[in-house]
Every structure is written in C-alpha cells, then in structure tokens.
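What follows is a set of notes on a single structure, which appears directly below.
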Amino acid sequence: MKKQLIIATLAALALIVTACGKKLGAANNDDATPKTSINQEWNVKGVATVIDNKDICPEILKFVEIHFPKASISKCQKTEHLYKVSLNDKTSIEFSSKFEWTKVKCENSTIYKTIPESIVPKEIAAYVVENYPHKSIVEVEKTAYGWEIELDDSQEIRLDTTFNVLPEGKSYLNCPEIQSFVATYFPKAKIRSAQQFEDEIEVKLTDNTEIDFYLNLDWKNIDCEDALIYQIVPAELVPEHITSFVKKNYVHNHIEEIERVPQGGWEIVLDNKMEFKFDSKYNLTGIDDKNL
C-alpha cells in the first residue's frame, strides 16, 4: 500500500508538471512563439502548483474583496512556503502558508496606482505624507526586521517593527571594485546609488539596472527587468551551462535576472517571467512563474 501511495503521488506531480508545460506552450502560441521542449528530469519539489479559483482559501478571497474591490483574482499559485496571487489589473500579492499577507505590489497595476490605505500601517502612511508629500507607495512588504516600502520614484525605505526608519549603511558610491564592475559589464550606464543594507550592497544604475553585492564585493544578483538600456543580463556573467539551457529550450527568450544562491546554485528569470532554479552542478531543480 505504501508503495502504491508513493507511485500515485509521483504520478500526480507528473500531471502538474505536464499541465504547467501545456499552459506555457499555449501562451507561447498566443504570442506566435514556437513551442520549446524542456528536459523534465528535474526535482519536482520546486514546482509551484496552480490552484483553481473555486479552491482558493476564504482568507485570500476576503483580502482581495476588501482591499481590491475593483479587481479580481486571475491566478493563485502555491509554492513550498507561500501563496502568490495575481489580480487581473496586474497587482501581485503574496501570502504566508497561514494565509497572512506578506507583500503587496501595485507598481504595474492598471487600476490601483498606489497601495490601498487600508493595507499600509498608519505610522508608515504618516511618515510618507510628512517626508514625501508628493510620492505614493507602490509596494509594501513585511520583513524579518519590520517593514519595507517602495515609492513611485523607486526609492526604498526600511522601517523596524516599531516603525522607526532604519539608517542606511555605508555608501559604496566611490568603491573602485564596484565602479570597475559597472564599467566592464554596463559601460553605457552610470551608478546612481550604492548603499549598504544589512549584509549586502544595493547598487542602482541610471538605466534602472539593479545589482546586489555581498560585503566581500562578489556580485549576488543582477536585475535588468526594468532597465532602459541593459534589458538582458550580460552574457559574460551567465554560466555556460545555463546559457546552453536557455538556448536549447527557450530560444526566443532572454535572461533578465540572475542570482547566485548562497548555498551554491543559481536562479534565473527570463523575459517571459519564467523562473528556473539550478543546483551548484547546474541541474534543474525547480520552475516557477513570476507573473503570479
């Protein structure tokens, strides 16, 4: 009986992978993009499960109904640790496994251009009104240290659990190593800001490319999603095995974000918003959809 249960579980996971693959293929056909094949020999543990609208939990439905009454849920997805919800106006919301909201992003919303006041703590709202009277909050996130918000000018503000603004760390604007890295791989852009936050350095370029460095000055993450010039991660920074994987399976797509995983491994996001995870030996271990 135990053996049959394991076989049945694996079969169910295989159906989920197949369904996701078919859905992706259909989306590509809508965009007149040829279908691509992908090696399915990877650990299905990292796969996100799409939840039917009729099966979405009441807590999530109620949250959307109260705070986003003009929008509706277009997709809900469950990952290993959280739920990702995408509304039909392009608002994105994340919930914990206990159905408590952890992150709301309205930056790309076609209806809600700012985070609803009903979600933002009054202390944070008052701080923004006083210090940034002409700015709006487009993203809010609950973090381990408190809160993080992003304004409509891309400025990020961090606050502790009692809503005190956390001071920025050391400035790395004139760091030779960072300047050399940018000049080498992003020569058409300049450094707009380079600030330490906790154990990493966040660098933003004038074309909106974002680069994170560890304190030892090794790069951690490169995000070209909103870049005006460098909309693709420079090929020199992508491992050959990952480049080959993308060329073989997603010939019409490009890498717009790449991250080094501290435990050893890699994560990439393509311009079709599909995310792939690799271990330190470049074996594919998970697939996710950042549209959710």
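The values are calculated or read from the model by the stated rules, or taken from the named source; none is laboratory data. The model shown is predicted, which means the values in this text are computed figures rather than measured ones. With ideal geometry, Cβ positions are generated from the backbone for all residues, glycine too; neighbour counts draw on all protein chains shown.
With the condition kept exactly as written, say whether any residue in region 269-285 is of a type outside the set (A, V, I, L, M), in contact (Cβ under 8 Å) with a residue 24 or more places away in the chain and touching a Ser or Thr at 6+ places or on another chain (Cβ under 8 Å). Yes, some residue in region 269-285 is of a type outside the set (A, V, I, L, M), in contact (Cβ under 8 Å) with a residue 24 or more places away in the chain and touching a Ser or Thr at 6+ places or on another chain (Cβ under 8 Å). When region 213-237 is filtered for residues that are surrounded by 18 or more Cβ atoms within 10 Å (Cβ to Cβ), assigned to a loop (DSSP other than H, G, I, E, B) and free of Cβ contacts under 8 Å to residues at least 40 places away in the same chain, the ones remaining, listed by number, are Cys224, Ala227, Val233.
Selection of region 159-205 for residues being surrounded by 14 or more Cβ atoms within 10 Å (Cβ to Cβ), at pLDDT 90 or above and either out of contact with any strand residue (DSSP E or B) (no Cβ under 9 Å at 6 or more places or on another chain) or part of a loop (DSSP other than H, G, I, E, B) (or both) yields Phe163, Tyr172, Cys175, Phe186, Ala189.
Going through (1) in a loop (DSSP other than H, G, I, E, B); (2) at pLDDT 95 or above; (3) not hydroxyl-bearing (Ser, Thr, Tyr) one by one, Ile124 falls short only on (1). Is at least one residue of region 107-115 within 30 Å of Pro234 (Cβ to Cβ), out of contact with any strand residue (DSSP E or B) (no Cβ under 8 Å at 6 or more places or on another chain), crowded, with 18+ Cβ neighbours inside 10 Å and touching a residue at least 40 places away in the same chain (Cβ under 8 Å)? The answer is no, given that none of the residues of region 107-115 is within 30 Å of Pro234 (Cβ to Cβ), out of contact with any strand residue (DSSP E or B) (no Cβ under 8 Å at 6 or more places or on another chain), crowded, with 18+ Cβ neighbours inside 10 Å and touching a residue at least 40 places away in the same chain (Cβ under 8 Å). Screening Thr102, Thr184, Thr161 for residues that are among the hydroxyl-bearing types (Ser, Thr, Tyr) and within 16 Å of the chain's Cα centre (by Cα) leaves exactly one candidate, Thr102. If I filter region 69-92 for residues that are assigned to a helix (DSSP H, G or I) and without any contact (Cβ under 8 Å) to a residue 40 or more places away in the chain, do I get at least one hit? No: region 69-92 contains no residue that is assigned to a helix (DSSP H, G or I) and without any contact (Cβ under 8 Å) to a residue 40 or more places away in the chain.
Here Glu139 clears all of (1) part of a strand (DSSP E or B); (2) outside the structural domain of Ile66 (by TED's automatic domain parsing); (3) not aliphatic (A, V, I, L, M) except the condition numbered (2). Only one of the listed residues (Glu256, Glu210, Glu177) is in contact (Cβ under 8 Å) with a residue 24 or more places away in the chain, of a type outside the set (Lys, Arg) and within 29 Å of Lys103 (Cα to Cα). That residue is Glu256.
Ile115 satisfies every condition listed in (1) touching a Cys at 6+ places or on another chain (Cβ under 9 Å); (2) within 26 Å of Glu267 (Cα to Cα) except (2).
Scan region 154-209 for residues that are more than 21 Å from Glu107 (Cβ to Cβ) and charged (D, E, K, R) and jot them down. Answer for region 154-209, where residues must be more than 21 Å from Glu107 (Cβ to Cβ) and charged (D, E, K, R): Asp160, Glu168, Lys170, Glu177, Lys188, Lys190, Glu198, Asp199, Glu200. Scanning region 249-271 for residues that are at pLDDT 95 or above and over 25 Å from Lys188 (Cβ atoms) gives Trp266, Glu267.
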